[in-house]
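J.: Below is the structure I would like to discuss, written out as structure tokens.
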Amino acid sequence: MNWYPRENYLKKIRDFYHATDIIKVITGVRRCGKSCLMEIIADELKMGGILEENIIFFDLDSKEYNKVLKADQLDKLIQRIPNVPGTKYLFIDEVQNVDGFEMVLNGFRGTGEWSIFITGSNSYLLSGELMTKLTGRYIEFEMFPLSFEEYEDIKKFYGKEIAVDRQEELNNYILEGGFPRTILLDSMAAKRRYVQSIITEIFEKDIRRRLKIRNKNTFEMVQKYIINNFGATTSLKSLKRAIEKSGTPISEATIARYIKALQDAKILYECQRFDMKSKKSLSGEKKYYIADISFYFAQNTDNRINFGPVLENITYLYAKSHDYSVSVGRIGKLECDFILRDNEMNYSYVQVSYTILLSKETEDREYKPLESIKDNYPKYVATMDSLLQKRGGIEHINLVDFMKNGKEF
């Protein structure tokens, strides 16, 4: 099949295509497009003159290779590859299935004959002691489901209809989600079933295998609560109270363990809260965003869109996919939705709201946190408004137009 090229990620990796001293690690939630990205990289290598016999693929989730679970098995698998002149390009999908894969790959990396690309669907891939020993010898590229700009672009690529009205198209993106495979499914019911199958697959392959969960129902209660309250300030105490109201006793330690499992499986992202006066991270209450909005709609029957947290989540993922570090800022009693930092250590500040045109009070609520920040870094109020205004050097942007054009904050 002709895969949609995820240029936002390809442009980050291209400089390392031929690097034999660095292992390229592509991470991200299951089904976000990692395997397809590796196939596109292989195609680009062929177009650049690399012979097909120099390109090797192993999908360790496939029936052919899913019994490869130990380091010596992986080593033998690679050793069987015919020796050909020139650099060999090795692509291994879901490498975390193999216990001790790090030392095997580092051995081949050390020969200078292999350019190695690997994918993994959870944070365990980079958390082991052996991976720590590879520090400086690998580089991570984190993938996300489709951003809004990619969602429109992939629909054009596959000849799917795009709504003329931008609000309608954003609603489609919110309800359908950003998993690339859903673009090829026509009915909403089929899209929801597909996302539900992803949630099940993540639980069975990325959580249950590694975490001893005594009560699956309790785990699912925590998962549902945290997904249903994405973008809200949450603490372990408040979560414990909410779950125990249903008659299910649970400890804060268990809740923390389950949340960590959801983060490791890339379903959930913790957004650190930062006090801008003391310049310290805040413990206790936290905000979580989900890897794709479709996770929310897949486990709920209500199709109504709560634009407050939804637009925040979309902005968070857009910023992460453009390589920003993201945190929430507190300024006294006020809160800035997002503090962004790019790779060159430049900052920007973003407030997100559906609209600021309802009243002067609404406008002031969104501008005040930004006006209280006294540095000269760019500041944005991102809304769905068509009528944009200027106030004190703060840029009022239409979020849809901003994302469609792939702009940077």
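J.: Within segment 373-409, which residues are farther than 17 Å from residue 169 by Cα, surrounded by 15 or more Cβ atoms within 10 Å (Cβ to Cβ) and hydroxyl-bearing (Ser, Thr, Tyr)?
T.: Hit for segment 373-409 is 380, nothing else.
J.: Report whether or not residue 139 is outside any loop (DSSP other than H, G, I, E, B) and closer than 30 Å to residue 408 by Cβ.
T.: Yes.
J.: Working carefully through the options 33, 49, find the one that is touching a Pro at 6+ places or on another chain (Cβ under 8 Å) and either modelled with pLDDT under 95 or at positive phi (or both).
T.: Answer to the selection: 33.
J.: Let me ask something else. Which of the residues that make up segment 151-191 are of a type in the set (D, E, K, R) and closer than 18 Å to residue 406 by Cα?
T.: 152, 153, 155, 156, 166, 169
J.: Right, residue 164: β-branched (Val, Ile, Thr) and in a helix (DSSP H, G or I) or not?
T.: Spelling it out, it is not the case that residue 164 is β-branched (Val, Ile, Thr) and in a helix (DSSP H, G or I).
J.: Then there is this: Just name the residue that is nearest to residue 382 (Cα to Cα) out of those in segment 311-356 that are β-branched (Val, Ile, Thr) and within 15 Å of the chain's Cα centre (by Cα).
T.: Result: 315.
J.: Where residues in segment 377-395 are within 26 Å of the chain's Cα centre (by Cα), in a strand (DSSP E or B) and not small (Gly, Ala, Ser), which of them is farthest from residue 329 (Cα to Cα)?
T.: The extreme case among them is 383.
Results for (1) more than 20 Å from the chain's Cα centre (by Cα); (2) among the aliphatic types (A, V, I, L, M); (3) under 25 Å from residue 135 (Cα atoms), shown as yes or no for each residue.
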position: 12; (1), (2), (3): no, no, yes
position: 15; (1), (2), (3): yes, no, yes
position: 31; (1), (2), (3): no, no, no
position: 36; (1), (2), (3): no, no, no
position: 54; (1), (2), (3): yes, no, no
position: 57; (1), (2), (3): yes, no, yes
position: 61; (1), (2), (3): yes, no, no
position: 64; (1), (2), (3): yes, no, no
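J.: Quick check on this structure: which one of 379, 390 is free of Cβ contacts under 8 Å to residues at least 12 places away in the same chain and of a type outside the set (Gly, Ala, Ser)?
T.: Just a single option satisfies the conditions, and that option is 390.
J.: Answer yes or no: is there a residue in segment 267-290 that is modelled with pLDDT of 95 or more, touching a Pro at 6+ places or on another chain (Cβ under 9 Å) and outside the structural domain of residue 98 (by TED's automatic domain parsing).
T.: There is at least one residue in segment 267-290 that is modelled with pLDDT of 95 or more, touching a Pro at 6+ places or on another chain (Cβ under 9 Å) and outside the structural domain of residue 98 (by TED's automatic domain parsing).
J.: Still on this structure, I have one more. Is at least one residue of segment 148-160 on the phi < 0 side of the Ramachandran plot, out of contact with any strand residue (DSSP E or B) (no Cβ under 8 Å at 6 or more places or on another chain) and not in a helix (DSSP H, G or I)?
T.: yes
J.: Consider residue 368 carefully, then state whether it is basic (Lys, Arg), out of contact with any Cys (no Cβ under 9 Å at 6 or more places or on another chain), surrounded by fewer than 19 Cβ atoms within 10 Å (Cβ to Cβ) and assigned to a helix (DSSP H, G or I).
T.: Criteria met by residue 368.
The values are calculated or read from the model by the stated rules, or taken from the named source; none is laboratory data. Keep in mind it's a predicted model, so treat the numbers as computed, not measured. As a convention, Cβ positions derive from the backbone with ideal geometry for all residues, glycine included, and neighbour counts pool all protein chains shown.
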